[in-house]
Structure formats: structure tokens, C-alpha cells
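Shown next, in C-alpha cells, is the structure this report addresses.
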Amino acid sequence: MEFARPLLLLLTPLVGVVMWVRFRQGGDPAALRHPRLGLLGEQSTGFRARLAAMLPLLSGLGLVLLIIAAAGPRVAHRSEQVEGEGIDIILSLDISGSMRSLDFHPLDRLESAKEVIRGFIDGRTSDRIGLVVFAAKSFTQCPLTLDHSILKGFLDEIQVGLIDDGTAIGLGLATAVARLKHSTSPSRTVILLTDGVNNVPTLEPETAAKLAQSLDVRVYTVAIGREGMVPYPVDDPVFGRRTRQVETKIDLALLKRIADLTGGAMYQATDPEALQEIFRTIDGLETARYETTVSTWYRERMIWFAMPALLLFLLEGLLAGTWLRRVP
């Protein structure tokens, strides 16, 4: 708390002077004059009389509160110039069936990607980040937000099977770009993570890339896994879950074209350590300085002191005129 007019607080010692004068004048001249008061015997001061003598304390405290109120107490939120880094990023994550491949031991491709993404989110405290998922279709799992705890909660809910199986890279990219269409950030970025080949002809990836280019959205493409035979879990109704080798393909040339067209870069991760290194690289590339002014505003607290002061003055007047009234 601070005061708008702190010099007025220097008046507080005068209250002590006023109180001293009032107590000095409190001994009123005797209402009864008699040449031999000893005949009346020793008299003791009653409880109400003692209370009446203390009434000036109420107005004294009220004066102190009024001085504080006049000094303008307030809670200030300071104006300051803030510099930082902040951009808008959409993560577009493939959740097709091939993301269950187990070549990212001990986790599968999807869980490894989610773990690295969590660390990436934790390191981008000033950025708005959103999340898009795609397989045969795509949808926004979480819009752009600074509340990264909510974002990570949505990330944790992602699993293979939420969408019909397939790999619609074009749709996944277009949905991510659409989330950045109205962004006013100095830098807008999509990080597209996939392990397959576009096999859903709804929207061509090149068309989505041209859309990103027209909106000045930079796209980083990340190929997860390696091509060829990889371990894949299979649920057998008799023998339970087993692992067998399946062949996977990744359209690296397509991912390279998308990145080149939008001014980004293409990476391939064949193990968890490589995936972490890729995200560290992107983290270092995607920075944007900003400077903003935080305005000062105040919450006035004068009423907190003025109202009790008035109530104390009113209370003294009521008591002095009723229950504690002196009768000559």
C-alpha cells in the first residue's frame, strides 16, 4: 500500500495534542458548591462516569483514521517496460496407427513425441501454444493458449484411435495454419510431426503448404522413426500382446518440400535423443523479441479509513448524548 499525499500523515502528532487538551478540560467545574463537602462523605466514581471520561479516545482515533484517509491510501500496480520473447506455435501431431511402432524404446513413437513436447512446452513460458492432431481427419485438440498446464492436460489425453486411421498430412497442416490465421504475433510457427505418407486425398499437403506460405507461417516438419522394418505391437485374442516386424514408409521428400516452401526446416528423428535434439534446435531458432508497457492502475482504499472514522464520531456523539450523558 502507498499514499497519494503522504505529507498529510505528518498531521498525526497533532491528534496527540488535541487529545491532551481535551483530557485536561475534561474535569468540569463542580456542579455542586458547598462550604463543607466533607459532610457528603467519600464518593467513588461510577462505571458510567469512568466510561464518559474516556469518550475523547473515540474521536481521537477517528481523527487518526481521517488523516490516513485524507493521505490517499491505495494499492498500486506499477507501470513498467517489459521485454521478453513470445511467438504463436501450433503443434500438429500425427496419431495414426503407425505411431504405435516400438522403435523408440522403451516407449512407442507417439508417447516419445508427447514426452519431448512436454519439455518443449515447459521451456516456452512466454509463447502461446496450441495443439492439432490428425490421422484420417484432423481437429484442434487445444487452441492457442498461455495456460500451459491445460495444454499439457490435453496432450496427455491424446492416443492412437481417437480418429479413424490414416495419415492426412494436408489436413493436419491446414488445420494448424487455420488456427494461426488471425494471430497478430510477430512470428507464427507450425511444428508438424508425422511418421508416414499422405494417404488421404482430402487436401494435398502442397496446397496446405502454399496456404501457410501466403499467411507467412513457418513450418518445421519432423519425421518420427525410420523407414523399413520396425517392431509393432499386435494384440492377439489367444496369446495376448505380441511384437512383430512391420514395414513403415515416410515421405521425407514431401516433408522437405513443405519446410522449404514456408521457410522452415525438415528433420528426422530415429530415436528419443535425436527427437529431443530437434526440438532444442527449433527452440533456439524460434525466438521473437517484444517490448510492452504495463500500465499503472490503483485500487483506492480511502473508504476503508473514512467510514470507520465517521462511525467513531457518530458513536461518541450518541453515547455522550444518551447513556453517558452528564447531568449537572
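The values are calculated or read from the model by the stated rules, or taken from the named source; none is laboratory data. Being a predicted model, the structure only gives us computed values, none of them experimental. Note that each Cβ is placed from the backbone with ideal geometry, even for glycine, and that neighbours are counted across all protein chains shown.
Checked against (1) within 32 Å of the chain's Cα centre (by Cα); (2) surrounded by 13 or more Cβ atoms within 10 Å (Cβ to Cβ), HIS182 meets all criteria but (2).
Looking across segment 118-168 at every residue that is in contact with a Leu (Cβ under 7 Å, 6 or more places away or on another chain), in contact (Cβ under 8 Å) with a residue 24 or more places away in the chain and part of a helix (DSSP H, G or I), the one that is surrounded by the fewest Cβ atoms within 10 Å (Cβ to Cβ) is identified as ARG118. As for segment 103-117, it holds no residue that is aromatic (Phe, Trp, Tyr), modelled with pLDDT of 85 or more and outside any strand (DSSP E or B). From the residues in segment 1-17 that are surrounded by 13 or more Cβ atoms within 10 Å (Cβ to Cβ) and aliphatic (A, V, I, L, M), which one is farthest from the chain's Cα centre (by Cα)? Among them, the one singled out is VAL15. Scanning segment 206-223 for residues that are over 32 Å from the mean Cα position of the chain (by Cα) and either assigned to a loop (DSSP other than H, G, I, E, B) or β-branched (Val, Ile, Thr) (or both) gives a single hit, THR207.
In segment 146-169, what residues are among the small types (Gly, Ala, Ser) and either more than 15 Å from VAL200 (Cβ to Cβ) or touching a Pro at 6+ places or on another chain (Cβ under 6 Å) (or both)? Correct list: SER149, GLY153, GLY161. Looking across segment 273-328, the residues that are over 30 Å from ARG226 (Cβ atoms), part of a loop (DSSP other than H, G, I, E, B) and at pLDDT below 80 come down to THR287, ALA288, SER295, THR296, THR322, TRP323, LEU324, ARG325, ARG326, VAL327, PRO328. Determine whether segment 230-241 contains at least one residue that is in a strand (DSSP E or B), surrounded by fewer than 24 Cβ atoms within 10 Å (Cβ to Cβ) and hydroxyl-bearing (Ser, Thr, Tyr). Yes, there is a match, as at least one residue in segment 230-241 is in a strand (DSSP E or B), surrounded by fewer than 24 Cβ atoms within 10 Å (Cβ to Cβ) and hydroxyl-bearing (Ser, Thr, Tyr).
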